[in-house]
Structures are given as C-alpha cells and as structure tokens.
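Novice: One structure is given below, represented as structure tokens, and several questions about it will come after.
The values are calculated or read from the model by the stated rules, or taken from the named source; none is laboratory data. The shown structure was predicted, so the numbers you read here are calculated from the model rather than taken from an experiment. As a convention, Cβ positions derive from the backbone with ideal geometry for all residues, glycine included, and neighbour counts pool all protein chains shown.
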Amino acid sequence: MTVNLLDFDLESLAVYCERLGEKRFRAVQLFRWIHQKGVQKFEDMSDLAKSFREKLGGLACIKAMPVVSQHISIDGTIKWLFDVGDGNVIETVFIPEDDRGTLCVSSQAGCAVGCRFCSTGHQGFSRNLTSGEIVAQLWYAEHFLRNYLHRDERVISNVVMMGMGEPLQNYSELVPALKVMLDDHGYGLSRRRVTVSTSGIVPMMDRLSQDCPVALAVSLHAPNDALRDQLVPLNLKYPLSQLIAACHRYLAFAPRDFITFEYCMLDGVNDTDACAQQLIQRIKAHPGAWCKFNLIPFNPFPASGLLCSKPDRVQSFARILNDAGIITTVRKTRGDDIDAACGQLAGDVKDRTRVADRMARQRTIHIHPVVSEDSTHKRSLQ
C-alpha cells in the first residue's frame, strides 16, 4: 500500500525513514522538499541519495486532493473545492490583505454541530479529514499561489481553522496537521498566526492548551444560554459558564493574551442593545482585557430562515461593546462574487436530504432573543 507523505508530521516521517533504514536527518531533507519547495516527484529531490529516492518511489507518494473547482474574486480572494471522495467536497479559501495572506482551512467534510446559521451544518456530516487532507489544503494553496503570484517567498502567513467542520471533533488528525504548519522545516508559521476556531468543546480546548496551544477563536453568537441553545446546539452540553471558564484556562498557555469571540449578526435575534449589554456583563465579570469580538455579517441561505443584521445595527452593536472597553471589530465581507462564505459552494455540489428536511422544519420556528438569564432553565425553542 502506497503511503502519502502528507500524512506525516516531522517526527512520524523520521520514524518512517528509520523503518526504511535511513538516518533521521533524511526526514528533515524530505520534509523540506515536500512542504517548503512543494516538490512531488522524488527524482527531483536532488540532495537525497538515489537509492533512497528509488525506495520512496516504490512505497510512497505526495498526493494532493483533486481540485473540483477554483473561483477567483475581483478582490483577490480565491476559493477552492477539493474532492475527498464519495461525492464529498471541502472548501479552502485564501484571503489576501495588505499585511498578510490568510488561508481558511477545513477539518471535516460537512459538520455535525448543526448551528442554525451555518450553511455547512445544513449539509450534514460525512467524515473527518485525515491530517494529510488538512495539510494538503495548505500545501496546494501555498505552492499554487507562489506560481500564480510569481513569488519565491512564502505567500500564506496565517492559517485559520475556520472552514468546514468543527476542528476539535477531529482532534487526533488536527494536532499533527498543526504541527506541520508550525514546524520550521515545514511552513514555519508562528503559533500566534495559526488559529483554531471551535463552537465550544470544552474538554478538547483543555487538551489543545497542553498539546499544541495555538491562537483560539470561539464561536459565541449569543450572550446567554437560552438563546445560544437555539443557535449552537452544543451549548446544551457545554453551557456558557463552562465555556468561558475553559477560555480562561486556555489563556495561561495561549500565544496571545486574548481569546477571539466570533459573533454572527442575526437580524432581530442576537443583535439588540440588550444582547450587547448582556455580553458586557458576562465579559466584565472577569477582569482585564482578555477577549476581543469579531462581529460577522451573516451570509443568508434559504434553509436558515434567518437574515443578516442591518449595517447600522452592526455598527451600533460594535459601538456599545467598544464603548465598554471591549475591543470589537466587524469582519469585512470578502469574495461575495464567488460565494466565499463557508459552505456556499459545497452546498451547490451536495445537499444531504435528511439534514435539509430537518432544517426546513426549523424554519417554521421563530427564534426570539432572550433578554434575561432568568429564563435559561427553559431550554426549548420558543
């Protein structure tokens, strides 16, 4: 059986090379050829012994995922769909900025969390990606961009695990992939520049803080349990008190001195002044400037039954938080002309009927913002 070397971090590649009777330093050379130079053919790896190259040629490969489609926006955003088999595709998005190049990477084909406002969740869950499939997104994008932009130096400076899927539900494959991204012989990314986004799987947040503490972003989306139960079903298992406590534990090991809270702005649901005040009370219960908010304009899709907050409402919400001393930004929309929001293109390829039916039933349920924590014992949709 042929082994795909994209599945290996440096340590596991060293073990593999030793099994082939090679010195461990050969793994470093091989690792650099794969990740720093993007070379796929062993015969092109000139500083490896010919006998080693021939051995690898019969046993291993460097295999990226097939590209289903590529969309390039007028603002420079690029979105790829990769084929991961059985009719499933995943999405990867490159977002260029003046001072950085950010790659948004998927960790699963679909997602099992089922957040009400998430297009990917609407499609349902197929499977976890392997570590090699996670890394392959960065491998392909980095070396495509170098050719496309005619640059020899690294193009991607930041990676955010904010694509399709809940990264912490694929923990065993996530961590080796992160280690490849961080390794100086691989992509050499700083822990500050690699961000894992989670909807709040508390035990795995604690594990990540010990195993590979990169920057952390938490999908919050509501100021109280009653509302968050409706928007993020995982909250029923790990309510806000547990989630906030886990964030504080993570800070002791994080490469940054703050946690980022992502907050999708939903018209008439979680965007009221009362919601903003509840957030302030919750954040101010813990001293210090320990978090930042990123307000995300919602990308509507028919199955959600939700609408995006009006621009002036988003700005007003941000102003309330900023005036309270909580650093708050509004995410710029990028790639609108290529449907660059997560899940939009993949939804055109495959929509899992069972999930579509369930979401259609939810559309008949009207979500009301819950303004009082006194009602949090009423854990049901209103």
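Novice: Within the stretch 290-298, is there a residue that is assigned to a helix (DSSP H, G or I), under 30 Å from residue 207 (Cα atoms), touching a residue at least 24 places away in the same chain (Cβ under 8 Å) and among the aromatic types (Phe, Trp, Tyr)?
Specialist: no
Novice: Just checking, which of 330, 370 is assigned by TED's automatic domain parsing to the domain that holds residue 165, among the β-branched types (Val, Ile, Thr) and modelled with pLDDT under 55?
Specialist: Residue meeting the stated conditions: 370.
Novice: Residues being surrounded by fewer than 16 Cβ atoms within 10 Å (Cβ to Cβ) and over 24 Å from residue 191 (Cβ atoms): count how many of those fall in the stretch 225-284.
Specialist: Adding up the residues that qualify gives 11.
Novice: For residue 23, all conditions in the list (1) surrounded by fewer than 15 Cβ atoms within 10 Å (Cβ to Cβ); (2) at pLDDT below 95; (3) more than 25 Å from residue 184 (Cβ to Cβ) hold save one; what is the number of the exception?
Specialist: (3)
Novice: Can you tell me which residues in the stretch 260-281 are assigned to a helix (DSSP H, G or I) and farther than 16 Å from residue 230 by Cα?
Specialist: Hits for the stretch 260-281 are 273, 274, 276, 277, 278, 279, 280, 281.
Novice: Moving to a separate point now. Within the stretch 313-321, is even one residue assigned by TED's automatic domain parsing to the domain that holds residue 101, modelled with pLDDT under 95 and among the aromatic types (Phe, Trp, Tyr)?
Specialist: no
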